[in-house]
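Student: Before anything else, here's the structure in question.
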Amino acid sequence: MPCNLPLLIQFTVSEHNKMKNIKRDLFPIFIGLTFCLSILLEEYLFKELWIFGTLITGFLVIGFIIVLIYSIIKKRKRLILINCIFILIASSSSIVNWEIFKSKKQLEAILIDDLSSLTLILRENKVFEVQPNTWMGPTDSFKGNYKIQGNRIIFIDEPYDSDFIPDTVLIYQDKILLKGTEQKPDTSFANYFQIRMNELNNDAR
């Protein structure tokens, strides 16, 4: 049976080009994958590597943007599709933290220190959140259960990684006091949360 040499050559060249394109896409896909992982593990990287974790994430974000622009300019449809999938996966990690998916806020207050702040949120489902924020950006939040007794907030779970916030705090006028009593309130610097919003049904409003 005669060999169709031109057809064989065309097939070989086609397969070679396919392999070449696959190899050429490996590095951009690797950048996209590491970008996606860095977004999903952002809090862990910051906790373990501090500023270096943020720098790693920043470099990968820049690299991913360059790869995406390159894909669009070169009209690499497959690469654009893969990058869009990476964006969707990375975005999914923040979607679960959207306020719309959480229980309604009952109270929000903030404590401002020299170089940091703490935001306290009480939710309708009796879950609290304490969100630290430093000059380097937000860090890990603390979550747990709470209950209200009169004008006192009792944290059933530990609200912070030190004893800075006691397990029971006092709602006094437009503040949440960490120290003191109603008769002798301590409103000195960094010893109270300033209430921004309060929809709790108690006598301390």
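Student: Based only on other Cβ atoms within 10 Å, what is the fewest-to-most ordering of Glu124, Glu42?
Tutor: In increasing order of surrounding Cβ atoms, one gets Glu124, Glu42.
Student: Please order Lys75, Lys143 by the number of other Cβ within 10 Å, starting at the fewest.
Tutor: Lys75, Lys143
Student: Over all alpha-carbon pairs of region 102-198, lay out the pair-distance distribution in 10 Å bins, whole %, shortest bin first.
Tutor: 16, 54, 28, 2
Student: OK, next. Using a Förster distance of 35 Å, how high is the FRET efficiency between Ile80 and Leu55, based on the Cβ-Cβ distance and rounded to 0.05?
Tutor: Values: r = 27 Å, r/R0 = 0.78.
After rounding to 0.05, the efficiency reads 0.80.
Student: Let me know the charge dipole size of region 102-198 about its Cα centre in debye, to the nearest 20, where only the beta-carbon of Lys, Arg (+1) and Asp, Glu (-1) is charged.
Tutor: Roughly 480 debye, rounded to the nearest 20.
Rule-based calculations on the coordinates, nothing more; no lab input. Please read these numbers as outputs of a predicted model, since none were measured by experiment. Glycine gets a Cβ as well: all are built from the backbone with ideal geometry, and neighbour counts include every protein chain shown.
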